[in-house]
Amino acid sequence: MTAPLLEVEGLEAGYGDVLVLHGVALRAERDEVVSIIGPNGAGKSTLLKAVYGLVRTSAGSVRLAGEEIAGVRPDRLTRRGLNFVPQLDNVFPSLSIAENLKVSALALPRAERAAALERVHDFFPLLRERPRQRAGTLSGGQRKLVALARALVTGPRLLLLDEPSAGLAPQAVGLVFEKLAEISALGIGIVMVEQNARRALALSHRGYVLDLGRNAYEGSGRSLLDDPKVAELYLGGLSRSASSSISTSTPDGMNPPTK
Ligand SMILES: Nc1ncnc2c1ncn2[C@@H]1O[C@H](COP(=O)(O)OP(=O)(O)O)[C@@H](O)[C@H]1O
Ligand SMILES: [Mg+2]
């Protein structure tokens, strides 16, 4: 049996003396899309940062394809096939699109860079059309695509994404989720934190609800969407199946799941 792509067990992490994660578990199999949802301050971003070596862990384990990576530096993790797209500051605004990608490609051996850049250009036509445009002048949605492309350049097996759709106009949200589905179809694992919880769960093989630094619920994306308790506590209202007979409006201005 092959080890899961990512397996987190009993993870404790925090800032200074303050513990934020109190023994969190998480698993992502190869090719899976996994969503982490939960209230503000639950520790979702801290979890991603702890996995990616940006926040110090004090207990527990983080294994990438069976190998312990807790405490490994982010740049090393990138070379081992794990990459992270933070919610903010994920592009260099004063650099052009092409320059942004080239900076990411520096993580690769010199001989592999050109091919890696070429692959990403095929995936995001915009990058080929406007390579010299400064990233800072792009719309929020386009900038997010550049951030995703920057991560993809490094040839990840698994991407950690913090709030990929946050702050985007509804149309851009749709575009980003479409790209995530395409990335998943390439066989790249995705673990994302999302406020747009219904949409994220609809795309996810597996979902986790994190609350107060602990696992609260987990299950298939569908089972979490259909769980009335999860809907009430974390999805802003009745579960979709229950609410559809009452109202066609979507809670919190979210877009309805496409499936
Ligand atoms: N750099 C930091 N220094 C100190 N405390 C932090 C820092 N980042 C986050 N926190 C605290 O950690 C807790 C969890 O934050 P976070 O992981 O950002 O939650 P979420 O992403 O679920 O909203 C919050 O109480 C937050 O105030
Ligand atoms: Mg966060």
* Evaluate the range 124-145: report whether one residue or more is closer than 19 Å to residue 31 by Cβ and of a type outside the set (S, T, N, Q). => no
* Asked: Among 115, 50, which is within 16 Å of ligand 2 (Cβ to nearest atom) and part of a helix (DSSP H, G or I)?
  -> 50
* **Where a residue in the range 211-227 is in a helix (DSSP H, G or I) and its partner, wherever it lies, is polar (S, T, N, Q) and surrounded by 17 or more Cβ atoms within 10 Å (Cβ to Cβ), with Cβ under 8 Å and at least six apart** => 221/35; 221/204; 225/239; 226/239
* Structure fact -> Picked from the range 71-84 (must be touching a residue at least 24 places away in the same chain (Cβ under 8 Å) and touching a strand residue (DSSP E or B) at 6+ places or on another chain (Cβ under 7 Å)), the residue nearest to ligand 2 (Cβ to nearest atom) is 84
* Just one of 174, 155, 189, 141 is buried (at least 23 other Cβ atoms within 10 Å of the Cβ), in contact (Cβ under 8 Å) with a residue 24 or more places away in the chain and within 22 Å of residue 33 (Cα to Cα); which is it? -> 189
* Out of curiosity, is residue 94 small (Gly, Ala, Ser), within 21 Å of residue 143 (Cβ to Cβ), away from ligand 1 (no atom under 16 Å from the Cβ) and not in a loop (DSSP other than H, G, I, E, B)? -> no
* Asked: Can you pull out the residues in the range 62-81 that are crowded, with 18+ Cβ neighbours inside 10 Å and in a helix (DSSP H, G or I)?
  -> 77, 78
* Asked: Under 9 Å by Cβ, and 6 or more places apart or on different chains, what pairs join a residue from the range 20-43 that is on the phi > 0 side of the Ramachandran plot and basic (Lys, Arg) with one that is part of a strand (DSSP E or B) and within 14 Å of ligand 2 (Cβ to nearest atom)?
  -> none
* When residue 68 is evaluated against the numbered criteria (1) over 20 Å from the mean Cα position of the chain (by Cα); (2) in contact (Cβ under 8 Å) with a residue 40 or more places away in the chain; (3) assigned by TED's automatic domain parsing to the domain that holds residue 20, which criterion, by number, is the only one it fails? -> (2)
* Asked: Can you find even one residue in the range 175-185 that is in the same structural domain as residue 11 (by TED's automatic domain parsing), within 16 Å of ligand 1 (Cβ to nearest atom) and among the hydrophobic types (A, V, I, L, M, F, W, C)?
  -> no
* Structure fact -> Counting only residues in the range 33-48 that are out of contact with any Ser or Thr (no Cβ under 8 Å at 6 or more places or on another chain) and not hydrophobic (A, V, I, L, M, F, W, C), the one nearest to residue 199 (Cα to Cα) is identified as 38
* Going by the conditions given, is residue 143 assigned to a helix (DSSP H, G or I), more than 17 Å from the chain's Cα centre (by Cα) and over 30 Å from residue 218 (Cβ atoms)? -> no
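The values are calculated or read from the model by the stated rules, or taken from the named source; none is laboratory data. All figures in this text were calculated on a predicted structure; none of them were measured in a lab. Using ideal geometry, Cβ is built from the backbone for each residue, glycine included, and neighbour counts are taken over all protein chains shown.
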